[in-house]
1. From Val51, Val46, which residue is at pLDDT below 95, closer than 30 Å to Glu160 by Cα and in contact with a helix residue (DSSP H, G or I) (Cβ under 6 Å, 6 or more places away or on another chain)?
2. Which residue pairs have Cβ atoms under 8 Å apart, sit 6 or more places apart or on different chains, and have a first residue in region 255-276 that is assigned to a loop (DSSP other than H, G, I, E, B) and a second that is surrounded by fewer than 19 Cβ atoms within 10 Å (Cβ to Cβ) and hydroxyl-bearing (Ser, Thr, Tyr)?
3. What number of residues within region 234-262 satisfy the criterion of being at pLDDT below 90 and either of a type in the set (Asp, Glu) or buried (at least 18 other Cβ atoms within 10 Å of the Cβ) (or both)?
4. Among all residue pairs at least 6 apart or on different chains, which show Cβ distances below 8 Å where the first residue, located in region 204-225, is farther than 30 Å from Glu247 by Cβ and the second is assigned to a helix (DSSP H, G or I) and among the basic types (Lys, Arg)?
5. Does at least one position in region 278-298 carry a residue that is buried (at least 16 other Cβ atoms within 10 Å of the Cβ), free of Cβ contacts under 8 Å to residues at least 24 places away in the same chain and more than 13 Å from Ala146 (Cα to Cα)?
6. List the helices (runs of 4 or more DSSP H) inside region 143-241, counting only whole elements, that have at least 3 residues being farther than 23 Å from Gly40 by Cα.
7. Please enumerate the residues belonging to region 242-278 that are of a type outside the set (D, E, K, R), out of contact with any His (no Cβ under 9 Å at 6 or more places or on another chain) and within 16 Å of Leu157 (Cα to Cα).
8. Determine whether region 156-166 contains at least one residue that is of a type in the set (S, T, N, Q), under 15 Å from the mean Cα position of the chain (by Cα) and either closer than 21 Å to Arg278 by Cβ or buried (at least 23 other Cβ atoms within 10 Å of the Cβ) (or both).
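The values are calculated or read from the model by the stated rules, or taken from the named source; none is laboratory data. Computed from a prediction, not measured in an experiment: that's the story for all the values here. Every residue, glycine as well, gets a Cβ built from its backbone with ideal geometry; the counts of neighbours run over all protein chains shown.
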Amino acid sequence: MRALLAILALLFVLPAARAAEPLPREITVNGVEFVLIPEGWFWYSVFALDVADHTDDRKRYRHAKVWLDAYYIGKYEARASDLARFLEAGALSKEAQDGFAAWIKLMREEDARAGEDCTVIRKAGRYVEAEPGRNLPATSLSWTVADEFARWMGFRLPTEAEWEKAARGSDKRFWPWGDTYPDDTRAVVEWTSACDPAPVDSYARGRSPYGIHHMAGNAGEYVADWYNRSFDEAIRDGVRNPPLAAEGSEVPYALPSKITKGGRWSMEAVASTVAVRRLVEPHASSTRDGVRFALDADTARKHINNRTAVVTRQ
């Protein structure tokens, strides 16, 4: 009887012990490399002015000390190869297709890129990488497509707070690498081509404190948030895990908007700081916008326990 009780106790204790094990620093799930962002406080950039107010004599944002629980974020931007798989699978919803119709129409039966085509093209009736083997980011996304793409891959979009912590770490730096103005060894910015992103694993000198690539420049990166001014104004020091607004605020001359971070390869360096955000209508696509995936810690732990994640750095 004692032996039986001991075995039963082990059955309950071992899963609990496994759940309590520290999360690994890097894992790969469904071919996507993720980096652990540990729990803790960081300085979140909260915009203090309306997006239509371009007054230069007031600070446009303030820092709030915010707590985030642990999570994982993509070490690299989402890849064109995965976007091609997503589109080829026919996984795009009708809603996303309707909003994305202009881009889909421009993906003509051509070998070369044209119009809004960039890193994925339509060729011989299939969606394929424009430059196979170059490890380029997924581009030409709307927020709606980026969200569906992330879900299809088994992931989600990061929140703006999660994105900023992954880019900045625990200090108030301007760029992911620090306060040094960007040069051509740190970030892909101020390029004039309509489609000229760099490989997702390039520009190692521009990595964030957590070793994450291209959080300044290259492709713009959608986050989960709506722009909501009242929500921004409510964020103060001591807030823990800021929730997402259920809807967007009215924006002058535009519909309620989602947010992209990190600038773009065609934007000025000052537009690629950690704090800067761009507002984009959910169905509007751009050659220069992509996405970076995120993963909850609990979901990551399930993958690890089920052996559907590869631990690459303990």
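1. Val46
2. Pro256/Ser249; Trp265/Ser193; Ser266/Thr192; Ser266/Ser193; Ala275/Tyr61
3. 1
4. Matching pairs, first to second residue: Ser208/Arg168; Pro209/Arg168.
5. no
6. Correct list: 143-153.
7. Listed by number, the residues that qualify are Pro242, Pro243, Leu244, Ala245, Ala246, Ser257, Ile259, Thr260.
8. yes
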